[in-house]
Amino acid sequence: RALEDTLPYLFGLLGIIEGDDPLAAMDGQVKRRRTLDAIKRILLRESLNQPLMVIFEDLHWVDEETQAFLNLLADSIATAKILLLVNYRPEYSHQWGSKTYYTQLRLDPLGKESADEMLSALLGDGPELAPLKKLITEKTEGNPFFMEETVQVLLDEGALVRDGGVKLTKPIAELKIPPTVQGILAARIDRLPADEKDLLQTLAVVGREFPLSLIRSVVSKADDDLNRMLSDLQLGEFIYEQPAVGDTEYTFKHALTQEVAYGSVLMERRKILHDQAGQAIESLYREHLDDHLTELAHHYARSANNDKAVTFLSLAGRQAFARFAYAESRAQFGDALQLIARLPESPERDIRESELASVLALACWRSHGPDTAETADALLRASSIAERTGNLAELVQVLFLRRVIIARAGDFEGSSALGNQLLELAELEGSAASLDYAYNAAVQVRFYEGDLAGAEKHFALWRNNQNATSPRGTLSEGTVVVLAIAASCAWMMGRIDLARERMAEATAYATALKEPFPLMIAKWLEASLNFLLREPEHALAAASQSIALGEENWFRLEPLNIMNKAWALACLGNPGEGLALLDGQFSGPASRLGGSFGSSLLVLAEVQAMAGKYDAAMKSIETALSTQQQGLRPEHLRLRGEMRIKLIQAEAAEADLREAIAVAQKMGAKSWELRATTSLARLLRDTDRRDEARAMLTDIYHWFTEGFDTADLKDARALLDGLSN
């Protein structure tokens, strides 16, 4: 019963969901990890009932998801009653060699004694065959499969005959043994009767394994003739029959046998056979094609039927994406994009091409993350195709993701330009989904530009669009981010209660999703709002929760969480510990922190100032002022003014503080204005200008109607009381 929580993930993996998918809204990476963990848990639990052997063959052909599962399982069985057995060719590599519970057994070619023993089993012990055994051992260098196939080719050509025993009919010098196992196989295939050779080549195109019902659909032969030829191919040990439920199944004896047979098929005939195999699979399994999408994509992609190839490559790619096999989905979407160019030009083809480019970009985003060259290239290609084909809906989605990448890199001007383009396109396209992307982006762009009124306007538009339609469009964390940014915007505008309400809504939304990634984002942004509110205890708690969620679910949001945690520790009396946390976070280029560089430098400067390192804090603020993050400029200027006061530069400090107030007033950022005015009023008080200080602080303080429990308003009230006395 304790494993029942694994069922939704197993059902999703097996594609047997009926009705609404309970995990549909879950982050793909989270769902992938939990699915792999579910399989691991089932095996570990069963090993308590009985010891298990888990066997994986041919890891040189392993797919990305199976490899991820094997890595997870290998890390978990040190003390379990599980024996994991794998085999692979030398070109495969793994990271398990350092584990004390891993043992590697190298399968070398057979030595002379073992080779003699094997050949005796194949040929008998007649002394007249000793020279032949020696020749075969030398030619094959002890490779068992090569040895076996050499004996078979000699039997096929009549050089060896079975007559109560095995006899050699030709002198050793006249025997012609191909130098490679591939040559041996090719020679054997060439000596087959024409109909059997034709059948073997057809089977090689169909696949490594194949049910009899599929063979009948592809091969136009009477059952008696087909069964006879299959029996002959089994006698020749080209194929084996294997157990199956409800049908007879066959498999090639060895992968090389299939490869050589496949390579012997002429290209044009190969395309025809792949097309026939695809049609046969469609016909046989039309009631449950979802179970055969990969096979259909494989066959049609190698046929001349480009339309079917694009269709099934797209479907297989989407299925792989849904099952978190992102490497597989990228390959299939990429192949489909290459083939779609061969289809006749039409509006329908343009739409398909644009959609394929978009899902390929999203697959790159999911597998590699937003900050890689591959993701950026895929998004650029997708936007180019969407623009060329006039697919505005796809273009809006792709530009939304491109804007995120540009903003993360700290290019706020580029992000702003792209956000404005996005808004124009979405309004032109008109769908609720496109407007959802555009308004979300516009809120972020306007906020970072310092256009708080514009951010509020577009947040209202986003909110109305959300209320009018069901959730859709952006990734689940997109809703969390836009609510949290709107919370910070409200705080800057002096609406403290509204800021808290919006942040609570963002956290509640993330919690209701029951996904760790959006909740981790929400907790990080909650800590960031606590930084603005000057609430270090709450900031420390939220940042710690975000870090724990990241570590528990194998993703991290550092150094962003480290910034909030370091600031909170410094405020709570541990500036040295805070500085130690920040050590190394700012090494390397500014792009390491991307779009958070300006806010991170603000945190660094404050922590340095609390540690008494005013010169270092001044350098941090000077760097921060060179960034494009205009929404933070009033605070950057205010903090530089505070540092100049510490460094006995009163005149320059006053200029900074007055500029901070002017910038804040222009933005409509009442909280920044209050904070800068409080700093200036304190400077004016200390330079015998108490009346001016009291007048300016009174004006801004009495503007506020809420948030009187916050540190900024308490400081302003205390200073006002002192000035009044």
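The values are calculated or read from the model by the stated rules, or taken from the named source; none is laboratory data. Because the structure is predicted, anything quoted here is derived from the model rather than measured. Cβ: placed from backbone, ideal geometry, glycine included. Neighbour counts: every protein chain shown. Quick note on the areas: whole protein, heavy atoms, side chains included, nothing else; ligands and nucleic acids left out. Shrake-Rupley method; radii C 1.70, N 1.55, O 1.52, S 1.80 Å.
Quick notes on this one:
- Unique residue being of a type in the set (A, V, I, L, M), in contact (Cβ under 8 Å) with a residue 12 or more places away in the chain and either more than 30 Å from GLU57 (Cα to Cα) or touching a Lys or Arg at 6+ places or on another chain (Cβ under 6 Å) (or both) when the list is LEU175, LEU185: LEU175
- Residues of the range 313-367 satisfying the condition of being assigned to a helix (DSSP H, G or I) and among the acidic types (Asp, Glu): GLU328, ASP335, GLU348, ASP350, GLU353, GLU355
- Among the residues of the range 118-156, those identified as open to solvent by 50 Å² or more (accessible area, probe 1.4 Å) and not hydrophobic (A, V, I, L, M, F, W, C) are ASP125, PRO127, GLU128, PRO131, LYS134, GLU138, LYS139, GLU141, ASN143, PRO144, ASP156.
- Some residue of the range 405-412 being free of Cβ contacts under 8 Å to residues at least 60 places away in the same chain and surrounded by 24 or more Cβ atoms within 10 Å (Cβ to Cβ): no
- Selection status of GLU535, surrounded by fewer than 23 Cβ atoms within 10 Å (Cβ to Cβ), over 32 Å from the mean Cα position of the chain (by Cα) and over 25 Å from ALA453 (Cβ atoms): yes
- From ALA74, ALA38, ALA80, residue being more than 27 Å from the chain's Cα centre (by Cα), open to solvent by less than 70 Å² (accessible area, probe 1.4 Å) and at pLDDT below 95: ALA80
- In this entry, ASP63 is excluded by the filter for residues that are closer than 30 Å to ALA510 by Cβ and either of a type in the set (Asp, Glu) or free of Cβ contacts under 8 Å to residues at least 12 places away in the same chain (or both).
- Test: SER114 is open to solvent by 50 Å² or more (accessible area, probe 1.4 Å) and not in a loop (DSSP other than H, G, I, E, B): yes
- Close pairs (6 angstrom Cβ cut-off, 6 or more residues apart or separate chains): over 16 Å from LYS134 (Cβ atoms) and touching a residue at least 24 places away in the same chain (Cβ under 8 Å) in the range 151-168, in a loop (DSSP other than H, G, I, E, B) and open to solvent by less than 50 Å² (accessible area, probe 1.4 Å) anywhere: GLY165/GLY124
- Residue match in the range 362-376 (condition: acidic (Asp, Glu) and either free of Cβ contacts under 8 Å to residues at least 60 places away in the same chain or touching a Cys at 6+ places or on another chain (Cβ under 8 Å) (or both)): yes
- Going through (1) modelled with pLDDT of 95 or more; (2) within 29 Å of the chain's Cα centre (by Cα); (3) surrounded by 22 or more Cβ atoms within 10 Å (Cβ to Cβ) one by one, LYS308 falls short only on (3).
- When every residue of the range 568-583 is checked against the conditions, none turns out to be farther than 22 Å from LEU637 by Cβ, modelled with pLDDT under 70 and assigned to a helix (DSSP H, G or I).
- Residue among ALA378, ALA393, ALA386, ALA438 that is of a type in the set (A, V, I, L, M, F, W, C), under 22 Å from ARG502 (Cβ atoms), open to solvent by less than 60 Å² (accessible area, probe 1.4 Å) and in contact with a helix residue (DSSP H, G or I) (Cβ under 6 Å, 6 or more places away or on another chain): ALA438
- Failed item, numbered, when LEU719 is tested on (1) within 52 Å of the chain's Cα centre (by Cα); (2) not in a loop (DSSP other than H, G, I, E, B): (1)
- Restricted to the range 171-262, the set of helices (runs of 4 or more DSSP H) holding at least 2 residues that are open to solvent by less than 20 Å² (accessible area, probe 1.4 Å) and over 24 Å from ILE281 (Cβ atoms) comprises 181-190.
- Some residue of the range 686-709 being in contact (Cβ under 8 Å) with a residue 60 or more places away in the chain, within 28 Å of ALA409 (Cβ to Cβ) and hydrophobic (A, V, I, L, M, F, W, C): no
- Boolean, GLU268 is open to solvent by 40 Å² or more (accessible area, probe 1.4 Å), under 23 Å from ALA316 (Cβ atoms) and under 39 Å from the mean Cα position of the chain (by Cα): no
- Residue in the range 367-375 that is touching a Phe, Trp or Tyr at 6+ places or on another chain (Cβ under 6 Å) and more than 25 Å from SER599 (Cβ to Cβ) present: yes
- Selection within the range 324-375 - modelled with pLDDT under 85, open to solvent by less than 50 Å² (accessible area, probe 1.4 Å) and not aliphatic (A, V, I, L, M): PHE324, TYR326, CYS364, TRP365, ARG366, SER367, GLY369, PRO370, THR372, THR375
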